[in-house]
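Got a structure for you, written out below as C-alpha cells; questions coming shortly.
The values are calculated or read from the model by the stated rules, or taken from the named source; none is laboratory data. The structure presented is a predicted model; accordingly, all values stated were derived computationally and were not measured. Cβ atoms come from the backbone with ideal geometry, glycine included; neighbour counts cover every protein chain shown. Please note that ligands, DNA and RNA were not included when accessible areas were found on the heavy atoms of the full protein model with its side chains. Shrake-Rupley method; radii C 1.70, N 1.55, O 1.52, S 1.80 Å.
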Amino acid sequence: MPLDIIVGTQWGDEGKGHITDWLAGEVDIVARFSGGDNAGHTVAIGEEIYKLHLIPSGIVHSHVTCVIGNGVVINPEVLIREINDLKTRGVDISPPRLRVSDRAHLITPGHIAMDAAQESHRGKASIGTTQRGIGPAYTDKTARSGLRAGLLADPAELANKVTAHIKAKNQELDRFPGSTKLNTNDITKQFVEYSSQLKPYLVESSTFLNQAILDGKSVLAEGAQGTQLDLDHGTYPFVTSSWPTAGGALIGLGLGPKTVRRVIGVAKAFTSRVGSGPLPSEQSGESATRLRGTGEMPWDEFGTTTGRPRRVGWLDLIVLRYAVQINGLTELALTKLDILSGLPELPVCVAYELDGKRIDTFPADLTVLAKCRPIYRKLAGWSEDITGARAIDDLPSNVRHYIDFVAEKAGIPINLVSVGPGREQIITCE
Ligand code: IMP
C-alpha cells in the first residue's frame, strides 16, 4: 500500500491539520516528517478543538498509529506536555499508538536561548522565528553535533551529551550581550527525567514505516509549514530550517520515491504569512481585517503557536503553480472558502509585473521579488453563507467558478474543498 504526502503550498497555516484529519479516516499511519513545535495544527471534532504542535493530527482517530519521523526536531518537554494533554482528554496515547524516531533530533533550552539571541542580534533583519529553537537545532544537526532522540534510551550517555552540549551553548551565548547563562546541572537532570517517559515511544522509524508499507498498510505523511518556508525553495532567508516539501517527506521518513501515490497540496483560498519576508499579494486595511478575522475563533488568522496576527493577502496563483512544480503535486485541497463569502469581488493574482513586463514564475532573488507587482484578475464573489454545503452541487455557481478557475490555472485538479473547520465541512469534488 502506498504513501500519500500532504504539503502546504503557501507559507504554512493552509489548513493541513484539517485535511490530514479528514484523510486519516482512511489510513493506517500518519507520520510527521519535518519541523518541530513551530508548527500548530488545529483539528476541530464537534465542539472539541485540538491544537497539536508535534504529534500528528491523525492521533484523534483511534485506529491510526502516529509516527514522528527522523526529519522532525523534538522538544521533549513539549512532546511530554502534548502527550499528557491528550491523555487528559481521553485520547489513547500509549506507545503502540505513537512512535518517535530514534533519529529525530532533540531541541534543548540551549537551542531556544540561541534562537532568541540570534533573532535579537538580527535586529531589523529578524526572520520572525517562532523562537522554539528550530533553526539552532537543525544547525547542530547539519554541523553533526546534534543530540538524537535515540539517546533517550541511554540515560548515562544522554546526561554526558546534554552536559557537554549546554556548556558549549553557554560559550556560544557569551557572544550575545545580555543573554543569560543556562544551568547545566538542572537541564541535564531534566533530560534524564524525560528519557524515562519517552523511551517507550522510540522506534527505528524508517524500518517501521517500510515494513508497514510491505505489510499492506497505508501511510499519510503530514507536512508542517509550507513550500514558501522551505529552506531551499522558499523565500530564503525568511524560511524555516527544514524541508517541508515533498522531497523532505521522503528524507524525513526514510521512505523511497516508489512508495508515493498522491502528493496533495493544501492551499488556502487566500494567502497568509506569519513572520517577516515577502508576501507579494499582501493586503492591509479593511480587506486584511476581513480576511484575518478578529482572533475570537480558533480558525481566525492568528498563529496557533505564537498567537501573532498573520499577514494576509489574496490568493497568488504564481505561488500555487510554484508549489505544484516543487512538490510534483497530483492534486489540491482548497480550504477556507467560507471566509470569502460576502466579498463582492475576489482579486486573484495571476501574474507579476516586473520592470514593465509580465512574468508568471516565482523569482528566487528577493530583490527581484520586491520589485514585482501583482496583476490581479477579479472574480465575482458570492453573498451566500456556504458553511452548510455538503456537496459540490450545494455551492453557488460563483464558488464553483472560483474553484474551477484556480484548478485550471494550477494545472491540477482540486479534489477537496473546505467550507468550515468541521470534518463534515470538507467536500469531495472528484
Ligand atoms: P522557525 O521555523 O521558528 O525558525 O521560523 C522561521 C519562519 O517560519 C518564521 O517566519 C515563522 O513565522 C515561520 N513558521 C515556522 N513554522 C510555521 C508554521 O507552522 N506556520 C507558519 N509559519 C511558520
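Exceeding 27 Å between C-alpha atoms, which entries from my cross-link table qualify? They are Lys161/Lys199; Lys169/Lys189; Lys169/Lys199; Lys167/Lys199; Lys87/Lys258; Lys124/Lys169.
Violating the 27 Å Cα-Cα cut-off are Lys87/Lys258.
Within the stretch 32-119, which GluC sites (Glu not before Pro) sit in a loop by DSSP and count at most 11 neighbouring Cβ atoms inside 10 Å?
Loop-located and lightly packed - Glu47.
Moving to a separate point now. When only alpha-carbon atoms are used, what values of Rg and Dmax, in angstrom, describe the stretch 38-114?
So, for the stretch 38-114, Rg and Dmax equal 12.8, 40 Å respectively.
Taking the chain as a Gaussian network, Cα atoms linked when under 10 Å apart, which of Leu182, Leu229, Leu98 shows the biggest mean-square fluctuation?
Greatest mean-square fluctuation among the candidates belongs to Leu182.
Amide H to amide H, which residues 5 or more places from Thr305 or on other chains are under 5 Å from it, using H placed in the peptide plane?
Amide H neighbours of Thr305: none.
While we're here: Can you compute log10 of I(q)/I(0) for the stretch 303-367 with the Debye formula, treating each Cα as one identical point scatterer, at q = 0.18, 0.21, 0.27 Å⁻¹?
-0.98, -1.16, -1.22
So, one more: When DSSP assigns beta bridges and you keep just the ones with both residues in the chain, what percent turn out antiparallel, to the nearest 5?
Taking every DSSP beta bridge within the chain, about 45 percent pair in antiparallel fashion.
Kirkwood Rh over alpha-carbon pairs of the stretch 336-426, then Stokes-Einstein at 10 °C and 1.306 mPa s: what D in µm² s⁻¹, rounded to an integer?
The calculation lands on 107 µm²/s.
Something else about it: Using θ = phi - 60° and the Karplus form 6.51 cos²θ - 1.76 cosθ + 1.60, what ³J(HN,Hα) does each residue of the stretch 414-426 get, whole Hz, x for Gly and Pro?
9, 9, 9, 10, 10, 10, x, x, x, 4, 6, 9, 9
For the stretch 1-159, give the share of DSSP beta bridges that are antiparallel, in percent and rounded to the nearest 5; count only bridges with both residues there.
40
For the stretch 186-202, take each phi angle, set θ = phi - 60°, evaluate the Karplus expression 6.51 cos²θ - 1.76 cosθ + 1.60, and give the result in whole Hz per residue in order, putting x for glycine and proline.
Values, residue by residue: 4, 5, 4, 4, 4, 5, 5, 5, 4, 4, 5, 7, 9, 3, x, 8, 5 Hz.
Next up: Please list, by residue number, everything in the stretch 98-138 whose backbone N is under 19 Å from a paramagnetic label point 7 Å out along Cα→Cβ of Arg144.
The answer is 103-106, 137-138, whose backbone nitrogens lie closer than 19 Å to the label point.
Given the -39500 (n - 2.57) contribution per DSSP H run of 4+ residues, what per-residue ellipticity at 222 nm results for the chain, rounded to the nearest 500 deg cm²/dmol?
-9500 deg cm²/dmol
Further question: Between the DSSP loop rule and a limit of at most 15 other Cβ atoms within 10 Å, which trypsin sites (Lys or Arg not before Pro) in the stretch 155-257 are left?
Arg175, Lys181, Lys217
Looking at the chain, what % of the alpha carbon pairs are farther apart than 42 Å?
Taking all Cα-Cα pairs of the chain, the fraction more than 42 Å apart is 13 percent.
To continue, here is another question. So if I take the centroid of the Cα atoms in the stretch 102-134 and the same for the stretch 343-405, what is the distance between those two points in Å?
34
For the stretch 139-159 and the stretch 239-271, what is the separation of their C-alpha centers, rounded to whole Å?
25
Please give the helix 317-327 orientation as an angle from the longest Cα principal axis of the chain, in degrees from 0 to 90, rounded to the nearest 10.
Approximately 40 degrees, to the nearest 10.
Follow-up question, since we're still on this one. With axes computed from alpha carbons, what is the tilt in degrees of helix 155-173 against the longest principal axis of the chain, rounded to the nearest 10 within 0 to 90?
Roughly 70 degrees between the two axes.
Which of the trypsin sites (Lys or Arg not before Pro) found in the stretch 1-96 are loop residues per DSSP with 16 or fewer other Cβ atoms within 10 Å of their Cβ?
Arg89
If you roll a 1.4 Å probe over the chain with all protein chains in place, what percent of the accessible area is carbon or sulfur?
51
Please pull out the direction-averaged projected area of the stretch 1-130, using the convex hull of its alpha-carbon atoms, in nm² to one decimal place.
9.2
Just the number please: accessible area per residue for the stretch 186-343, 1.4 Å probe, all protein chains included, in Å².
Here the residues of the stretch 186-343 average 37 Å² of exposed surface.
Pairs of Cα atoms under 8 Å, at least six residues apart: use those to get the relative contact order of the stretch 7-52, whole percent.
Here the relative contact order equals 34 percent.
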